[in-house]
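J.: Sharing a structure below in structure tokens format, with a few things to ask.
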Amino acid sequence: MPSHEPLAASPGRTEVGVTTDRRRILCLFAHPSIDRSEANRPLFAATAAVAGVTLVDLYAEYPSGEIDVDREQARLRGHDVICFMHPLYWYSTPSIFKEWQDLVLEHGFAYGVGGTALHGKLFFNALTAGGPEQAYCAAGYNHFTIRELLCPLEQTARLCGMVFLPPFALFGARTAVDEGRIGAHVTDWVRVLEALRDYRLDLAAALPLTKLNADLDAILLEP
Amino acid sequence: MDGMLFHAFIYLAAAVLAVPIANRLGLGSVLGYLIAGILIGPTLGLVGAETEEVQHVAEFGVVMMLFLIGLELEPKLLWEMRARVLGLGGLQVLITAVLIAAAALLLGYHWGLGLAIGLIFAMSSTAIVLQTLGEKGLTRTDGGQASFAVLLFQDLSLIPVLALIPLLAAPGLSGLWAAGPGGSGAGAAHGAISLVVGLPGWGYALVVLGAVALVVLAGHYLSRPLFRYIAESGLREVFTASALLLVIGIALLMTLVDLSPALGTFLAGVVLANSEFRHELQSDIEPFKGLLLGLFFITVGAGIDFGILSAHLATVIALTLSVMSLKMAVLLGLARLFRLQPGDQWLFALGLAQAGEFGFVLLAFSVQNAVIPAELARMLSLVVALSMLLTPALFIAYDRLIAPALRTGSAPAPDSIDELGTVVIAGIGRFGQIVNRLLLASGVRTVVLDNRADQIDLLRKVGIKGYYGDASRPDLLHAAGISQARLFVIAIDDQDRAVKMVEHVRRTYPTVKILARAFDVRHLYLLQKAGADLVVREVFDSSLTLGVAALKALGMHPFKVERMARAFRRHEAEGLTSMYDLWDENPDIARNLVLQARIREHVGSLQDALNSDRLQLHDRTERGWTPPPRGFNRELDGDE
Ligand SMILES: Cc1cc2nc3c(=O)[nH]c(=O)nc-3n(C[C@H](O)[C@H](O)[C@H](O)COP(=O)(O)O)c2cc1C
């Protein structure tokens, strides 16, 4: 691993002047019944194949819910990008992520006095939602945009000094396979991961978006 | 022989009749025994001259009691009490003796005579006080502990007092008795053989030190291999015999070197308090102690000389009351000085106000040494007896007048260490060890029993403390403190015994929760039926853990395996509950056709629960996290 200097937390900062040639990405994955998953399973498999990405299946690692805080904190220290990969459950993450946050993001580690371990890292969700995209707006039956619903996570990331990126989201996930949308989504996901890894994602352009995959060509720089 | 049987019959009959009645009336067993003694002695005249002899035998009950008290008291605790023993006890004896001596001096007696009487009355009755405190459950209160400290000091001071008394003889009196026995040291008290007669001071000191060292070292190093050896023989009565041998042997050694036998056995008790045989010794000695003490109290009652009493009734009563109030005043002052709780101050002062059995011993000894005239001694011994007779009344006064007033006041904060309560664990094999380690690590106090001495020994070598003894014996369970325990854990591997244990504990200690280890389902049901609150099959969890590991090794997702295991556990528990009634109708499974059918159904439904069609999604493992049907959001859209 090349020597690494953490990114500044200020959102306007571009890639210029950063000394590492690759970002190390940590994908924390949670799906409590992966056997029946249609959307997340192919995403999981594709992620595993991307070089430079660490993929952790939280439910496999902690089947009884007993999270190893030291191990998780070490993982966070060793990466520059933290991604929560999960289906959207009740407008939030599956429960193990909540437990994970409650235990791992300790005072003195993630926030508060001396809590600078996460400063400058990027944070985002890669989620799949059963509801259609148009339902996630003030006029839709979900009333809020997905970014609004993720506010608790956004604020958590901010308190920990991380840069919160919009979610990489698949809507209408229950019918994505039937409607043939899943293949393209997986391809996009791999592109996003590689671009993040190689400093080819225009953070300034991405930050205000509702979802990261709104128009990939607009935020990804060509190699 | 006939005479002995007759007397034994009289004593026992009196006790059997009087004690339960006294207890029922709330007077306590001590008063019951005393009354029984008065009935058969002075009142009915059934026993007479031999009471004094019997009393010497019965005094051995006090020796045994101190051994038992020592067993309860670990050396560390004793050391923590040192300030109270020396300070509280020393001041009590000193101040009381001096005040009484001063009073005697004022009445015109020789100062030596006065001091002798003072020392005699400074003593309290270890037998009555400790027995009563124990019966009322007050031993562990602050007042109880302080009383014990004082009694311990009095016991210790008996030897120097015996040495001092011959020096107090008034010149005129000693001339009269010059030819009599006396001046030969403490051993003369009972006319026993003594090894130390004529030794110089330093030689005596050496012998005493040697004897104490012998008790401590032998108690620590020799007795345990011996007990282990006897325990392995499995002969109960031989163990009891060896326990008695130990106590009697030490008492003998102590009398040979002119030390108090009670003190010696107390010391031995303390030495053995940490040993694995503590509870076994306790339950073996306990019945002897109880009987002998009872006998002792009877002889006190029987020994009251009504002739002298009626002749000097007013004097005796006046003397008794003044001695007791003086003692009480001193005790109350000291209790204040040593900052006992208000209620405990009263318990302490009322409880120790009497004169004690040592008073009889010292009186006899003083007469022998021409310190106190025989006539006066007879009256004083009535005062001692009467004060002992009044003691139960004082305890009752404490119970009725002082204790209720305390209860309405602010209750003391509960002891934080004992908040979780004690757990008695029977059986410290592979099963009990795990339970014990978890409880200990969580700060729970446990008392561990096992009937294999080698197992207990092995565990002690690795730092786990257990006691030897057969936990299916009620007396041993009692000695282990089951009546105060919150939980009783049965982890032995003898199935029938485990069931009997549950039955006994459920019947005798209804408030103790029972957690038991079962061999299989049949045994589980038997334990439940016997009244266990929770029963766990011994290999169920480990088998399930291995099954889980197997599924994971096959590549199944760990969280799915976890859910399967949870479902399995639930299904199993439900099945066990639902089949209990069928089993109860006819426990013979081979003949119980309905039960057999239900078991088949249970096994079959498990397969359903874990292997049913995924698409139905209504079984247990797949019900969680099932997404809504695909067309679900269209309905919602329609609502908008
Ligand atoms: C417990 C539960 C809660 C859900 N909550 C939501 C929700 O709040 N919003 C939504 O759009 N979909 C919700 N869904 C649908 C899931 O997001 C959807 O099934 C999932 O994204 C499909 O991905 P998969 O095929 O990888 O399981 C929920 C599903 C479950 C099982």
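The values are calculated or read from the model by the stated rules, or taken from the named source; none is laboratory data. Model, not experiment: these values are computed from the prediction. Counting neighbours? That spans all protein chains shown, and the Cβs are built from the backbone with ideal geometry, glycine included. Ligands, DNA and RNA are stripped out before the accessible areas are found, and what is left, the full protein with its side chains, is counted by its heavy atoms. Shrake-Rupley method; radii C 1.70, N 1.55, O 1.52, S 1.80 Å.
J.: Over chain B, how many pairs of lysines fall under 18 Å by alpha carbon, counting only those 8 or more apart in sequence or from different chains?
T.: 6
J.: What are the aspartates and glutamates whose alpha-carbon lies under 17 Å from the alpha-carbon of A:K211, with same-chain residues fewer than 8 places away excluded?
T.: A:E133, A:E148, A:E154, A:D188, A:D202
J.: To the nearest 20 Debye, how big is the dipole of region B:425-508 about its Cα centre, given +1 on the beta carbon of each Lys and Arg and -1 on that of each Asp and Glu?
T.: That gives region B:425-508 a dipole magnitude of about 320 debye.
J.: Sticking with this structure for a sec: Given Cβ point charges of +1 (Lys, Arg) and -1 (Asp, Glu) and nothing else, what value in debye, to the nearest 20, does the dipole of the protein assembly as shown about its Cα centre take?
T.: With only Lys, Arg, Asp and Glu charged at Cβ, the dipole is about 820 debye.
J.: Report, to the nearest whole %, how much of the accessible area of the protein assembly as shown belongs to carbon and sulfur atoms, 1.4 Å probe, protein only.
T.: Here carbon and sulfur together make up 63 percent of the probe-accessible area.
J.: If you take every DSSP beta bridge whose two residues both sit in the protein assembly as shown, what share of them, in percent to the nearest 5, is antiparallel?
T.: 5
J.: Next up: Could you report the accessible area of A:H143 in Å², rounded to 10, computed with a 1.4 Å probe on the protein chains as they sit in the structure?
T.: Ignoring ligands and nucleic acids, A:H143 comes out at about 90 Å².
J.: I'd like the distance separating the alpha-carbon centroids of region B:100-172 and region A:130-168, in whole Å.
T.: Centre-to-centre distance over Cα atoms comes out at 85 Å.
J.: Averaged per residue, what accessible area in Å² does chain A show with a 1.4 Å probe, protein chains only?
T.: Accessible area per residue: 42 Å².
J.: Given a 1.4 Å probe and the protein chains all in place, what does the accessible area of B:H220 round to, in Å² to the nearest 10?
T.: Answer for B:H220: close to 80 Å² accessible.
J.: OK, next. Using a 1.4 Å probe and counting only protein heavy atoms, arrange B:V30, B:V539 so the residue with the most accessible area comes first.
T.: B:V539, B:V30
J.: Only Cα pairs under 8 Å and at least 6 apart count here; give the relative contact order of region B:414-538 as a rounded whole percent.
T.: Once divided by the residue count of region B:414-538, the mean separation gives 23 percent.
J.: A follow-up question, please. Amide H neighbours of A:Y111 under 5 Å, counting only residues 5+ apart in sequence or on other chains, H built in-plane at 1.01 Å?
T.: It is none; the list stays empty.
J.: Let me ask something else. Please work out whether region B:310-375 counts as rounded, prolate or oblate from its C-alpha gyration tensor, where a ≥ b ≥ c are the square roots of the eigenvalues and a/c under 1.5 means rounded, while otherwise a/b larger than b/c means prolate and anything else oblate?
T.: Prolate, because a/c is 1.5 or more and a/b exceeds b/c.
J.: Can you compute the charge dipole magnitude of chain B about its Cα centre, using +1 on each Lys and Arg Cβ and -1 on each Asp and Glu Cβ, nothing else charged? Give it in debye, rounded to the nearest 20.
T.: With only Lys, Arg, Asp and Glu charged at Cβ, the dipole is about 1020 debye.
J.: Which GluC sites (Glu not before Pro) does region A:117-218 hold that lie in a coil by DSSP with at most 13 other beta carbons within 10 Å?
T.: Counting only loop positions with at most 13 other Cβ atoms within 10 Å, the GluC sites (Glu not before Pro) in region A:117-218 are A:E179.
J.: Apply the Karplus parameterisation 6.51 cos²θ - 1.76 cosθ + 1.60, with θ equal to phi minus 60°, to every residue of region B:582-596 and state each ³J(HN,Hα) to the nearest whole Hz, in sequence, with x for glycine and proline.
T.: Result, ordered by residue: 4, 5, 4, 5, 7, x, 7, 4, 4, 9, 8, 5, 4, 5, 4 Hz.
J.: Given a 1.4 Å probe and heavy atoms of the protein chains only, how would you sort B:E80, B:E72, largest accessible area at the top?
T.: The residues order as B:E80, B:E72, largest area first.
J.: What figure in square angstrom, to the nearest 10, would you give for the accessible area of B:L25 with a 1.4 Å probe?
T.: 110
J.: Oh, and also: Using amide H atoms built 1.01 Å from N in the peptide plane, name the residues 5+ places from B:I425, or on other chains, whose amide H lies under 5 Å from its own.
T.: B:V447, B:V448, B:L449, B:V489
J.: Rank these residues by their accessible area, most exposed first, probe 1.4 Å: B:Y398, B:Y109.
T.: Ranked list, largest accessible area first: B:Y109, B:Y398.
J.: I need the GluC sites (Glu not before Pro) found in region B:25-61, filtered to DSSP loop residues with at most 14 other beta carbons within 10 Å of theirs.
T.: Sparse-neighbourhood loop GluC sites (Glu not before Pro): B:E50.
J.: Now for a separate question. Between B:A397 and B:E585, what length comes free when the chain is fully extended (0.36 nm per residue of separation minus the Cα-Cα distance, one decimal in nm)?
T.: 62.2 nm
J.: Farthest toward the dipole's positive end in the protein assembly as shown, which of A:L153, B:L31, B:P629, given Cβ charges of +1 (Lys, Arg) and -1 (Asp, Glu) about the Cα centre?
T.: Among A:L153, B:L31, B:P629, the one farthest towards the positive end of the dipole of the protein assembly as shown is B:L31.
J.: Using only DSSP helix segments of four residues or longer, with each worth -39500 (n - 2.57), what per-residue ellipticity at 222 nm results for chain A after dividing by its residue count and rounding to 500?
T.: -8000 deg cm²/dmol
J.: Next up: Enumerate the amide H contacts of A:F144 below 5 Å, restricted to partners 5 or more residues apart or on another chain; note that Pro and chain-start residues carry no placed amide H.
T.: It is A:C137, by chain and number.
J.: Taking only C-alpha pairs under 8 Å that are 6+ residues apart, what is the relative contact order of region B:50-403 in percent?
T.: Computed value for region B:50-403: 33 percent relative contact order.
J.: Let me ask you something else. Apply the Karplus curve 6.51 cos²θ - 1.76 cosθ + 1.60, θ = phi - 60°, to the phi angles in region B:150-159 and return the couplings in whole Hz, x for Gly and Pro.
T.: 5, 4, 4, 5, 4, 4, 5, 7, 4, 5
J.: If you take the square roots of the eigenvalues of the alpha-carbon gyration tensor of chain A and sort them as a ≥ b ≥ c, do you get rounded (a/c under 1.5), prolate (a/b over b/c) or oblate?
T.: rounded
J.: Go through region B:240-247 residue by residue and turn each phi into a ³J(HN,Hα) via Karplus (6.51, -1.76, 1.60, θ = phi - 60°); whole Hz please, and just put x for glycine and proline.
T.: 4, 4, 6, 5, 5, 4, 4, 5
J.: Right, something else. Determine the shielding of peptide A:29-36 by partner chains: average, over its residues, the number of Cβ atoms on other chains within 10 angstrom of each Cβ.
T.: If you average over the peptide's residues, the count of other-chain Cβ atoms is 5.
J.: While we're looking at this one, here's another question. Suppose only helical runs count, i.e. DSSP H with n ≥ 4. What mean residue ellipticity at 222 nm does that imply for chain B under -39500 (n - 2.57) per run, divided by all residues and rounded to the nearest 500 deg cm²/dmol?
T.: Mean residue ellipticity at 222 nm (helix-derived): -21000 deg cm²/dmol.
J.: In percent, what relative contact order does region A:82-193 have, based on Cα pairs under 8 Å that are 6 or more apart in sequence?
T.: 29
J.: Chains A and B: what accessible area do they bury, summed, in square angstrom to the nearest 100, with a 1.4 Å probe?
T.: Heavy-atom accessible area buried at this interface is about 1900 Å².
J.: Next question, about the same structure. Over chain A, with a Gaussian network built from C-alpha contacts below 10 Å, which listed residue (A:L76, A:L193, A:L209) shows the highest mean-square fluctuation?
T.: Highest fluctuation among the options: A:L209.
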